[in-house]
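The values are calculated or read from the model by the stated rules, or taken from the named source; none is laboratory data. The shown structure was predicted, so the numbers you read here are calculated from the model rather than taken from an experiment. Every residue, glycine among them, receives a Cβ derived from its backbone with ideal geometry; neighbour counts consider all protein chains shown. Ligands, DNA and RNA are excluded from the accessible area calculation, which covers all protein heavy atoms including side chains. Shrake-Rupley method; radii C 1.70, N 1.55, O 1.52, S 1.80 Å.
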Amino acid sequence: MARTVNAWVLVISMSVWGVVGSIDVAAQPAIHCFQSTYDFGELYSDELVSHQFVLQNSGYDVLEILQINQHCSCATAELSTRLIAPGESALLTALLDLHGRSGDQRVKYSVQTNDPKMPHLELALVGRVTPLLSLDAPELDFGTVRHGENRAQNVILRAARSEIEIGVKDIHVPPSVPCRVTFSTLRTGAMEIVVEVESTRTCGYFGGEIEIHVDRPREQFVSLAVSGEVLHSVRVRPSTIRLCATRNAGGVSPPVFLRVEPGTIDRFSIVGITLPDCDVAWEVFPDGSGGYIVQLDKLPPAKALAGKAVVLEIDIDGEARISVPFEIASRDQ
């Protein structure tokens, strides 16, 4: 009889522990979002996307939102509450600033929770952005321009909406682009930008981005890439000496090399070099193909060379002096 009672006690105990164990397993939070991806369609780059994701706790314990990570600095998130009771919901308001963006977009939000089965929930805003302002040709290639030749190209700056008036506040042309830029209004929502190569300012290859700053508060500037080559009697490569502003700020910069090659003539010689600092040393070596290598040593810190140039003196008429400017960048390129 005692054995029978003990057996029943064992069975009842196992049943009770089984129930308690099942209760512990079931008493967990569970996050659920009916729509984890929101398609905002097609919008302009001066607009702001706002959408509310509904986060529901379909479990049996309190759901805690531990952290929300945005995968873009242009995105923010606001949560109505971090603790969600069983059967209740919270609103996550996702904001996306479309300024400066274009084309197809997919911006992700990562929601970290105490849900053991889904500790990370990914939300996303998707859509397509049309730039408010755009150029009909984002790049101008002038090809080869002979020294002294005048050559110009034009592009049209257009607004995505015809009623938008475009005003230009400023145009920034980097030293590496030997061009003059003018503009005129064609009609509301359209402006003509004319870029003219000033071939007497440089020689060799050139390239860079012209920034057209406009008066739209959410469209700061539009970039226009420009490239080409000014062909002198000789070619100089590089045509601009680019240095980092912090390069050897406390001492002497490493050597700089220039390659001088035949351009429109077959034979020439370098008869002298004018340098921005009298302490700079230079040497010229034939390269074996009718050109020369110019080595510049003991250059001062880069900031001391801002706005200055190396002038090569060659033994031909009309182009006896060729200027190679220094361009100082904020970091190494």
Practice item. Within the stretch 98-113, count every residue that is in contact with a strand residue (DSSP E or B) (Cβ under 6 Å, 6 or more places away or on another chain) and either assigned to a strand (DSSP E or B) or of a type in the set (Ser, Thr, Tyr) (or both). Key: 11
Review point. Which members of the stretch 105-130 meet the condition of being of a type in the set (A, V, I, L, M) and within 16 Å of ALA27 (Cα to Cα)?
Key: MET118
Exercise for review: Please work out if GLU209 is open to solvent by 70 Å² or more (accessible area, probe 1.4 Å) and either assigned to a loop (DSSP other than H, G, I, E, B) or modelled with pLDDT of 85 or more (or both).
Suggested key: yes
Exercise for review: Pick out the one residue from VAL111, VAL155, VAL145, VAL195 that is open to solvent by less than 80 Å² (accessible area, probe 1.4 Å), out of contact with any Ser or Thr (no Cβ under 8 Å at 6 or more places or on another chain) and closer than 26 Å to GLY307 by Cβ.
Suggested key: VAL195
Review point. What are the residue pairs meeting all of these: first residue in the stretch 109-131, first residue modelled with pLDDT of 95 or more, second residue among the aromatic types (Phe, Trp, Tyr), Cβ atoms under 6 Å, and 6 or more apart or on different chains?
Key: LEU123/PHE53; LEU123/TYR109; LEU125/TYR38; GLY127/PHE40
Point to revise | Residue match in the stretch 138-150 (condition: within 30 Å of CYS203 (Cα to Cα), without any contact (Cβ under 8 Å) to a residue 40 or more places away in the chain and touching a strand residue (DSSP E or B) at 6+ places or on another chain (Cβ under 8 Å)) | key: no
Study note, to complete from the structure: Over the stretch 129-171, the set of residues over 17 Å from VAL197 (Cβ atoms) and not in a loop (DSSP other than H, G, I, E, B) is VAL129, THR130, LEU133, SER134, LEU135, ILE156, LEU157, ARG158, ALA159, VAL168, LYS169, ASP170
Review point. Taking the stretch 261-276, which residues are within 17 Å of SER323 (Cα to Cα) and open to solvent by 50 Å² or more (accessible area, probe 1.4 Å)?
Key: VAL271, THR274
Exercise for review: Kindly indicate the residue of the stretch 310-322 that is at pLDDT 85 or above and surrounded by fewer than 19 Cβ atoms within 10 Å (Cβ to Cβ) and also farthest from PRO262 (Cα to Cα) among those meeting that condition.
Suggested key: VAL311
Exercise for review: Only residues that are part of a strand (DSSP E or B), within 35 Å of the chain's Cα centre (by Cα) and over 12 Å from THR240 (Cα atoms): list them for the stretch 294-328, please.
Suggested key: VAL294, GLN295, LEU296, ASP297, LEU299
Point to revise | Top-ranked residue in the stretch 278-290 [being surrounded by 13 or more Cβ atoms within 10 Å (Cβ to Cβ) and modelled with pLDDT under 90; ranked as farthest from LEU312 (Cα to Cα)] | key: GLY290
Check your understanding: Listed residues ALA2, ALA26; which is modelled with pLDDT under 85 and loosely packed, with under 10 Cβ neighbours inside 10 Å?
Key -> ALA2
Review point. Quick one: which of ARG201, ARG180 is of a type outside the set (A, V, I, L, M, F, W, C) and modelled with pLDDT under 85?
Key: ARG201
Check your understanding: What are the residues in the stretch 36-61 that are in contact with a Leu (Cβ under 9 Å, 6 or more places away or on another chain), surrounded by fewer than 15 Cβ atoms within 10 Å (Cβ to Cβ) and part of a loop (DSSP other than H, G, I, E, B), if any?
Key -> SER36
